[in-house]
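Reading through the structure tokens given below for one structure.
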């Protein structure tokens, strides 16, 4: 009985804390919820736009990477080898039929894995482009804010360059193309 009272009291406290936390941080979580929903929407769109063969390849590679697939193959090989070393043999040593079947399976699975990797690369590239776009927008916004703060400091008579010499440089727009060219040049060396 005492244990149930303690559990009930904890649940009531937890519920009270959650209500308080959710009310005080609701404004903070709204952008987070929006961002999570945007990510979920992008992921769903990427999954929905896949072709049927891509979906089939994804299922096949998921199954081929499972313990059941490995256990099934070990059992099949064991039965095959034992059966073909008896008088009921249909594929005598060196098991040419088994080798042929495994070769076909390898070719098919390799193709399916490559299709899945291609799809993952496409999704990775999309995420990279999105990340770059968001970073460029954030840099532009920060440059604009520094410009506004500099104008406010000028009106108040505060010399920002003496306190932070980098402020003048940071207030200028970043040339993304020049940075990309410099990175490429340094990577080539």
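The values are calculated or read from the model by the stated rules, or taken from the named source; none is laboratory data. Keep in mind the model is a prediction, meaning the values are calculated, not measured. Positions of Cβ are backbone-derived with ideal geometry, glycine not excepted, and every protein chain shown enters the neighbour counts.
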Residue 45 passes all but one of the listed conditions (1) in contact (Cβ under 8 Å) with a residue 12 or more places away in the chain; (2) within 20 Å of the chain's Cα centre (by Cα); the exception is number (1)
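For the structure I just gave you, tell me whether residue 119 is under 25 Å from the mean Cα position of the chain (by Cα), in a helix (DSSP H, G or I), under 30 Å from residue 45 (Cα atoms) and in contact (Cβ under 8 Å) with a residue 24 or more places away in the chain.
Details: under 25 Å from the mean Cα position of the chain (by Cα): yes; in a helix (DSSP H, G or I): yes; under 30 Å from residue 45 (Cα atoms): yes; in contact (Cβ under 8 Å) with a residue 24 or more places away in the chain: yes.
So residue 119 fits the description; yes.
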Expected output for the stretch 175-189 (first residue farther than 16 Å from residue 132 by Cβ, partner surrounded by 10 or more Cβ atoms within 10 Å (Cβ to Cβ), Cβ below 6 Å, 6+ apart or cross-chain) is none
Of the criteria (1) loosely packed, with under 11 Cβ neighbours inside 10 Å; (2) within 26 Å of the chain's Cα centre (by Cα), which one residue 113 fails
(1)
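For the stretch 2-108, please list each of the helices (runs of 4 or more DSSP H) lying entirely inside it that holds at least 1 residues being at pLDDT 85 or above and surrounded by 11 or more Cβ atoms within 10 Å (Cβ to Cβ).
Answer list for the stretch 2-108: 52-64, 67-83.
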Among the residues of the stretch 128-141, is there at least one that is touching a helix residue (DSSP H, G or I) at 6+ places or on another chain (Cβ under 9 Å) and either farther than 27 Å from residue 42 by Cα or not in a helix (DSSP H, G or I) (or both)?
no
Can you tell me which residue within the stretch 128-147, out of those that are surrounded by 11 or more Cβ atoms within 10 Å (Cβ to Cβ) and over 14 Å from residue 172 (Cβ atoms), is nearest to the chain's Cα centre (by Cα)?
130
